[in-house]
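See structure below.
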Amino acid sequence: MAPLLEIKGLKTHFATDDGMLQAVDGVDIVLNKGETLCVVGESGCGKTVTAMSILKLIAMPPGRIVEGQIIFEGRDLVPLSSSDLDDIRAKEIGFIFQEPMTSLNPVLSVGEQIAESLRRHEGLSRKDALARTVEMLKLVQIPNAEGRVHDYPHQFSGGMRQRVMIAMALACKPKLVIADEPTTALDVTIQAQILDLLQDMKERFGMAVMLITHAMGVVAETAQRVVVMYAGKVVEEADVDSLFESPRHPYTQGLIRSIPRIDLDSMHKTRLEAIGGTVPMLINPAPGCRFAPRCRHAFGLCSKQEPVLREVAPGHRMACHLGDTRGETR
Amino acid sequence: MSEPLLRVTGLKKHFSVKGGLLSREVGRVHAVDGVSFAVNRGETLGLVGESGCGKSTAARCVLRLLEPSEGKIVFDGHDVLGLSGGDLRAMRRNMQIVFQDPFASLNPRMTVGAILGEAFTIHELASSASEREDRVASLLVKVGLKAEHMRRYPHEFSGGQRQRIVIARALAVEPKFIVCDEPVSALDVSIQAQVINLLEDLQADLNLTYLFVAHDLSVVEHISDHVAVMYLGRIVELASARDLYRHPRHPYTQALLSAVPVPDPKVKRKRIRLQGDVPSPMNPPRGCHFHTRCPIAEARCRESAPELKQGSDGHFVACHLA
Ligand SMILES: Nc1ncnc2c1ncn2[C@@H]1O[C@H](COP(=O)(O)OP(=O)(O)OP(=O)(O)O)[C@@H](O)[C@H]1O
Ligand SMILES: Nc1ncnc2c1ncn2[C@@H]1O[C@H](COP(=O)(O)OP(=O)(O)O)[C@@H](O)[C@H]1O
Ligand code: SF4
Ligand code: SF4
Ligand SMILES: [Mg+2]
Ligand SMILES: [Mg+2]
């Protein structure tokens with residue numbers, strides 16, 4: 001079966017005063033129909049830029065897709081014009097952002113915003129669009145949806161706004177929903193409501209979900225497959241069970257081990273395994289592995305040659321020289 | 001056990017909300033509504049709860065960065081609310097705060113050396129410029145930075161390094177007690193671990209006492225000896241970290257803990273779903289503040305507020321049914 005979305009060799013760079021910033025530098029991601037894929041990594045690793053590149057939602061200039069293909073349902077989106085992409089947005093691909101206020105229009109009621117998208121993309125009449133909007137607000141558990149459909153975004157709490165965003169992203173029943181840190185600013189109870197809701201909607205509409213997060217707990221609870229990004233590159237990719245059971249890349253191992261856990265008794269008051277240092281600047285990155293300055297296992301080859309993604313177990317790929325038997329013969 | 005370093009009793013802080021043409025009081029936010037707790041010397045008390053429940057307000061009242069409306073605060077044998085002028089300043093030296101946002105809390109126009117040196121000058125802790133420089137250098141080393149960093153400006157540091165500078169500034173005056181208000185919330189997980197380890201090392205070396213405010217329940221369990229859970233201005237449960245996380249007794253604590261995502265896909269936990277959002281603290285529900293969302297509420301919960309009562313094992317809980 002052909003994948004729903006296939007990102008191939010994507011490079012998105014930004015022109016800055018200090019030089020070319022290689023935010024996304026050769027990323028491959030495959031997303032199958034109906035699948036939940038989590039993209040995880042610390043801030044500045046290129047998660048958002050990858051997601052925004054799909055529908056060219058990044059500022060161009062300074063941003064530019066330098067190389068690569070983004071194949072959605074067999075069609076490359078990279079060469080498309082912004083009006084073609086507008087049609088795909090909402091109807092085929094829904095977006096949910098971390099801060100709902102950036103994508104909700106403050107001077108329009110939430111009902112007008114959702115209904116407008118339904119009329120434009122689905123050709124519904126004013127009356128039908130309103131009815132569908134109320135139905136969507138009910139689905140995302142906004143109490144008294146008929147009454148609240150005419151309220152403005154600022155009249156909702158943070159968690160409710162995020163649910164309104166979900167209603168808007170899903171109104172046209174897209175095949176793919178991209179959620180960029182949709183719960184990062186929210187309390188755990190509200191986070192749990194939103195993640196349950198996304199799961200619920202996914203099952204109801206059979207859509208695929210690309211969930212971007214930096215929280216390993218969220219990944220473990222929602223993902224089927226996981227892509228770990230570091231400094232503009234994919235460093236590991238696996239199904240969720242393998243990733244947590246046997247993380248192969250030193251960065252992934254560090255991410256999993258550095259968090260305190262309430263499910264393990266023995267963790268209490270034992271020292272956390274921090275990863276030293278910070279994510280490097282993505283302008284003129286040093287040759288070799290981008291994780292090398294922070295890696296405990298780094299050896300001679302790491303600062304000379306860049307590791308490429310290779311399969312280490314069925315469906316499990318990672319980019320690290322460790323245990324690479326091919327490297328020894330080179 | 002010796003007397004706790006800090007004992008807070010019946011603390012209240014109400015903010016008046018003004019509106020209309022004449023700016024008359026239209027309501028009151030009961031941000032902190034009768035809170036009592038104690039922190040033992042050399043220990044950490046964690047304070048958790050959803051956004052807006054009053055954690056920061058309570059913490060700021062303890063330091064008198066906000067004037068409490070009511071209550072009693074005893075720190076190291078002194079009645080904090082009775083102090084003023086020089087006595088209050090002297091007391092403040094012993095109580096410092098580290099905020100969430102290391103970007104906002106450092107003056108961008110001052111070098112790190114000047115920022116740290118200022119604390120010594122205010123409290124007259126260094127007699128000469130060279131002594132001040134020596135102390136700044138040793139502080140920087142203590143928080144895992146380098147002496148030469150004193151000549152740099154805050155923007156030249158990463159988020160985690162800036163938080164180390166903020167911690168160094170708090171340590172400059174050799175306090176006994178530090179309020180950490182979401183000190184790692186703005187940091188990436190790997191950096192979070194670095195800063196948590198630093199706070200733990202400093203506590204062990206300097207016998208510091210912490211009040212640690214955060215909404216990340218995993219981080220709070222890791223760092224705290226005792227944990228207090230707040231809901232709408234009140235403490236609903238307080239116990240040793242281990243006891244509270246293993247055997248939560250209050251329905252709110254149980255729901256909160258069940259919502260924490262665990263980084264192990266094999267662990268399938270039963271989630272207690274709470275309905276609705278936290279009610280407005282301007283109009284908190286009558287009786288038990290939690291009754292509008294409590295899955296086991298009864299008629300009496302709507303009438304009378306449960307008191308925070310201590311069980312035989314030292315575990316405090318405020319619920320009619322616990
Ligand atoms: N100066 C003020 N005037 C009026 N209301 C205030 C003021 N400061 C805080 N509040 C209100 O008091 C309540 C408690 O606020 P507080 O900042 O203590 O919450 P918190 O538990 O620290 O939340 P968070 O997790 O979001 O930091 C909130 O409803 C808040 O809106
Ligand atoms: N408009 C922009 N101009 C310049 N650099 C940018 C811009 N947007 C993002 N970047 C840079 O691209 C890199 C990746 O950013 P981002 O994708 O937002 O990371 P993440 O979502 O993983 O936190 C960062 O170094 C960021 O500073
Ligand atoms: S390639 Fe080398 S530096 Fe990079 S992660 Fe592997 S061992 Fe570490
Ligand atoms: S007192 Fe009643 S409403 Fe409050 S937590 Fe206990 S059972 Fe629930
Ligand atoms: Mg991002
Ligand atoms: Mg706060």
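Tabulated data
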item	result
Count of residues meeting criterion [open to solvent by 20 Å² or more (accessible area, probe 1.4 Å), more than 7 Å from chain B (Cβ to nearest Cβ) and not charged (D, E, K, R)] in segment A:223-266	7
Criterion: surrounded by 20 or more Cβ atoms within 10 Å (Cβ to Cβ) and of a type in the set (Gly, Ala, Ser) - qualifying residue of A:SER53, A:SER43	A:SER53
3 or more residues open to solvent by 30 Å² or more (accessible area, probe 1.4 Å): qualifying helices (runs of 4 or more DSSP H) within segment B:203-322	B:241-246, B:299-303
Sole exception among (1) away from ligand 1 (no atom under 16 Å from the Cβ); (2) touching a Lys or Arg at 6+ places or on another chain (Cβ under 7 Å); (3) farther than 26 Å from B:ARG242 by Cβ for B:VAL17, by number	(1)
Criterion violated by A:VAL177 - all others in (1) more than 10 Å from chain B (Cβ to nearest Cβ); (2) under 15 Å from the mean Cα position of the chain (by Cα); (3) free of Cβ contacts under 8 Å to residues at least 60 places away in the same chain satisfied	(3)
Entirely in segment A:1-40, the strands (runs of 3 or more DSSP E) that have 3 or more residues that are surrounded by fewer than 22 Cβ atoms within 10 Å (Cβ to Cβ)	A:5-16, A:19-31
Residue satisfying all of: in segment A:138-149; without any contact (Cβ under 8 Å) to a residue 12 or more places away in the chain and open to solvent by less than 50 Å² (accessible area, probe 1.4 Å); farthest from ligand 2 (Cβ to nearest atom) among these	A:GLY147
Within segment B:259-293, tally of residues that are out of contact with any strand residue (DSSP E or B) (no Cβ under 7 Å at 6 or more places or on another chain) and within 13 Å of chain A (Cβ to nearest Cβ)	24
Counted residues, segment B:227-253 - those being within 15 Å of B:HIS215 (Cα to Cα) and away from ligand 1 (no atom under 16 Å from the Cβ)	2
Any hit, segment A:67-90, residues being open to solvent by 10 Å² or more (accessible area, probe 1.4 Å) and near ligand 2 (Cβ under 7 Å from one of its atoms)	no
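Condition check ((1) within 13 Å of chain B (Cβ to nearest Cβ); (2) open to solvent by 10 Å² or more (accessible area, probe 1.4 Å); (3) within 16 Å of ligand 6 (Cβ to nearest atom)) across all residues:
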residue: A:ASP151; (1), (2), (3): no, yes, no
residue: A:MET160; (1), (2), (3): yes, yes, no
residue: A:ALA167; (1), (2), (3): no, no, no
residue: A:ALA185; (1), (2), (3): yes, yes, yes
residue: A:GLN193; (1), (2), (3): yes, yes, no
residue: A:GLU221; (1), (2), (3): yes, yes, no
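The values are calculated or read from the model by the stated rules, or taken from the named source; none is laboratory data. Note that the coordinates shown come from a computational prediction; the quantities given were computed from them, not determined experimentally. Positions of Cβ are backbone-derived with ideal geometry, glycine not excepted, and every protein chain shown enters the neighbour counts. Accessible surface areas use protein heavy atoms only, side chains included; no ligands, DNA or RNA. Shrake-Rupley method; radii C 1.70, N 1.55, O 1.52, S 1.80 Å.
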